[in-house]
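What follows is a short report on a single structure.
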Amino acid sequence: MTDTTRCGFAALVGAPNAGKSTLLNCMAGAKLSIVSPKAQTTRFRVLGILMREKTQILLVDTPGIFRPKRKLDRAMVAAAWTGAEDADVTLFLVDARAGLTDDVRSIVETLKGGKRRIWLVLNKTDLVEPQKLLPLTAELSELLPVEHVYMVSARKGSGVEDLLTALANSLPESPWLYPEDDLTDLPDRLLAAELVREQIFLQTHEEIPYSATVETESFQERPDGSVRIEATVYVSRAGHKSILIGEKGRRIREIGMKARKQLESLLERPCHLFLNVKERAGWDEERARLRAIGLDDAD
């Protein structure tokens, strides 16, 4: 039995809604990255730390790569490529049902220009007739040299074990970079803001588009071991503020209650969460707001 340890980064790259966050959470066995039916939910790099026998797999979930318009969009796309640049393996996730879209072709062109080790991961294969998967694989492999091809369903977990085993065996020999009981490098205050944002997506559906962001204003440890968190939700229009608060404050209370339960589960201690909603037009073009949600400037 060898004592050699392995450690390395695997970046999840793909178009919006390819299922990167779902795959990260499935691999890690815990909710690290927020998931919603809306595209572009992930806004910054999220690291999942996964132990596989003597290998530490550092899974980097990145924002979906798309054509940016606003400063927020540009910062998200920059975060995606930064997350992928230094990875030992790039997992190029493609929605098998959507196939070879313009966004996928655009990512292929960028990936071709680097020296990355690329593994093609076809996701949502449970939603596609099996005979359609091989032609799609052949077409993508012709456009982009890939080391391996994996077919998975992140939602159901099928094929994920094989992918993890292969990853663990392919990463370089190295000491571990994080304590083995760590799940993520995401700061707790950023995690709190993300869980609130996820509930906004899940509970407001199409009413509140991507004009909402959440910042943790205060994160205080209390003597009894619990934590007191104050967070502000910024929206760009007055109408969105009233929808978010809801009649007699019911909607925002429900958002806070569900986010608090998720947070208590992840932090493994009682949490007291207080939410405030403010209208702030154009927040997605403000450098200070983008830095507060974990994004660097991208002009």
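For the reader, a short list of remarks on this structure follows.
- Filter pass, Arg97 being under 30 Å from Lys54 (Cα atoms), charged (D, E, K, R), touching a residue at least 12 places away in the same chain (Cβ under 8 Å) and part of a loop (DSSP other than H, G, I, E, B): no
- Qualifying residue in region 127-138 (condition: among the small types (Gly, Ala, Ser) and surrounded by 12 or more Cβ atoms within 10 Å (Cβ to Cβ)): no
- Against the test of being in contact with a Lys or Arg (Cβ under 8 Å, 6 or more places away or on another chain) and surrounded by 12 or more Cβ atoms within 10 Å (Cβ to Cβ), the options Ser141, Ser106 yield a single qualifying residue, Ser106.
- Residue list for region 223-257, filter: surrounded by 14 or more Cβ atoms within 10 Å (Cβ to Cβ), without any contact (Cβ under 8 Å) to a residue 60 or more places away in the chain and within 17 Å of Leu202 (Cβ to Cβ): Ala231, Val233, Val235, His240, Ile243, Leu244, Ile245, Gly246, Arg251, Ile252, Ile255
- Any hit, region 151-162, residues being of a type in the set (A, V, I, L, M, F, W, C), within 18 Å of Leu59 (Cα to Cα) and assigned to a helix (DSSP H, G or I): yes
- For region 100-129, filtered to residues that are among the basic types (Lys, Arg) and assigned to a loop (DSSP other than H, G, I, E, B), the residue that is nearest to Lys20 (Cα to Cα) is Lys124.
- Test result for Leu100, at pLDDT 55 or above, of a type outside the set (D, E, K, R) and within 16 Å of Ala11 (Cα to Cα): no
- Among residues of region 128-156 that are in the same structural domain as Ala166 (by TED's automatic domain parsing) and on the phi > 0 side of the Ramachandran plot, none has a beta-carbon under 6 Å from a residue that is modelled with pLDDT of 90 or more and outside any helix (DSSP H, G or I) at least six positions away or on a different chain.
The values are calculated or read from the model by the stated rules, or taken from the named source; none is laboratory data. As the structure is a prediction and not an experimental result, all values here were calculated from the model. Here Cβ is always computed from backbone atoms with ideal geometry, including for glycine, and neighbour counts include all displayed protein chains.
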